[in-house]
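Trainee: Below is the structure I would like to discuss, written out as structure tokens.
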Amino acid sequence: MNIIELEHWVPDPERPHMLKYAGQPTAQEVFKELRYRLESMGYLPDEYFILDNEWEKGRKIPKGADIFCTTDYGASEGIYIDVYLKWHDDGKPVTKSFITGKTLGESGSDLDRMFLIASAITKAFRGGDFRKNSVLSLNEQEQAIVVYALAEQRERQESALSQTEQLLRRMTGSITNYMNLVGQRPLDMSGGDRAVIAVRDGELNEFKNLLPQISGQETYNELFLEAVGRPGAVGRKMTMLFLDSSTAFPQDVYKEACERAVRIVDAEKVALLQEQAHDHVKDLPLDFFGELARYAYQWKGVQFISAQIMERCSSEEVHAAPKELLEISLVCGDIDIPKAMARKGVNGDHALRPFIKCRGKGDSWILDVLLDQGMKVSPDNYDALAACVEYNCPEIGKALIDHGVDFEGFSGWAEGKEKDISCDTYQELAGYWQAQHQQEQGSEQTL
């Protein structure tokens, strides 16, 4: 497999055979690619393998960063692998924890295995020939004998399929490399099966050769989902091969593809799928990407993708989005999603009371920003003003009055509902409305 890059480089159209710098990947993208590779070889630590919290929410890898691992027993139980990033900031060295993996085992063999995993992590970023100095310390002739037997087992023992594929990758780097090693294709597999293996191995050229041979919509759909779910630049390139075609996909398949791209935290792939959705799905419902944004919002550290989805939505799609998306993000104090929706003129009536109740006193500025950027509020949204009075939030009440909520109508409504209008907040809002009303009358007389 190709190494995992900590910088993006693309061909330079002005200088053939040269590359130019194209920015930094997100930490979550790098983590998902690494986790995918370790899992494909059966090398995930058995207790957990997690990204440190500070690298979530789309934070990018620092430019010039390098990576290294340490492996040791923990203070209590288990053995840990700590993966660190190191770089220079204003000439000063910086080292930050990046990923932590743990096994509960404490034996010598457990320690050896964790060191092997640390070695696999290092090779993923620096490169290394899996066929030499392999885990089992076999020479190439011995490897050829063993992997041939494993391949035959793969055909005969479906229950051991996953473990067999993991062993093949650990011993040869990829199943494609295995085929090259033994000089033939002894596996009795369809073109679709081989294409799936090419996706999992990250063998882009092999995948390109196999894709035109795929027939049958169901097989094509499954392969599309496999490609979308593969993290990293290779997975994006494989996905683009599908999107560059005129193939139509069922709505449920495309939905699953979008959700897989969210789960691997690949914001670029989500954008590709969103931008080309209408070319590949017939009669796409208006709420399709609003539902996807709500799906993304439930995943820890992935809320930034939800905001990006809403930024790309049309006004009609924003209005069709699930109402709870605006409400939940406002209550959680996440302003990016509400801002994206406000710029498309979303109506915020339903979200105002929960926001005022939970965050009104300390975050009244949020509502000012949203109203200024285009969020709509109905003139007869008297319940929002009632919430301002109930939770003592006069500044929000004033902002609502400024943006057209009818305070005079609210007063009559409050009396009819037997609301308490004797409190200081109500009196302050009444005085504010009176001053605004008098100012408007004065302006009309001057005209």
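The values are calculated or read from the model by the stated rules, or taken from the named source; none is laboratory data. Worth saying up front: this structure is predicted, and the values here are computed from it rather than measured. Surface areas here come from the heavy atoms of the whole protein model, side chains and all, with no ligands, DNA or RNA. Shrake-Rupley method; radii C 1.70, N 1.55, O 1.52, S 1.80 Å.
Trainee: Would you mind pulling out the separation of the Cα centroids of the range 31-55 and the range 274-348, in Å?
Mentor: 29
Trainee: Now for a separate question. Counting only the heavy atoms of the protein chains, how much of H8 is accessible to a 1.4 Å probe, in Å² to the nearest 10?
Mentor: 50
Trainee: What figure in square angstrom, to the nearest 10, would you give for the accessible area of M18 with a 1.4 Å probe?
Mentor: Result for M18: roughly 90 Å² accessible.
Trainee: Now a separate question. Roll a 1.4 angstrom probe over the protein heavy atoms and tell me the percent of accessible area of the range 366-433 that is carbon or sulfur. Working shown, then result.
Mentor: Numbers: 1420 of 3180 Å².
The computed percentage sits at 45.
Trainee: Explain nothing, just compute: Karplus ³J(HN,Hα) = 6.51 cos²θ - 1.76 cosθ + 1.60, θ = phi - 60°, for every residue of the range 286-301 in order, whole Hz, x for Gly and Pro.
Mentor: Residue by residue, the range 286-301 yields 4, 8, 4, 7, x, 5, 5, 4, 5, 4, 5, 5, 7, 8, 4, x Hz.
Trainee: Keeping all protein chains in the complex and leaving out DNA, RNA and ligands, what accessible area do you get for S246 with a 1.4 Å probe, in Å² to the nearest 10?
Mentor: Approximately 110 Å² of S246 is accessible to the 1.4 Å probe.
Trainee: Next question. Excluding ligands, DNA and RNA, what is the solvent-accessible area per residue of the range 260-406 at a probe of 1.4 Å, expressed in Å²?
Mentor: Ligands and nucleic acids excluded, the figure is 41 Å² per residue.
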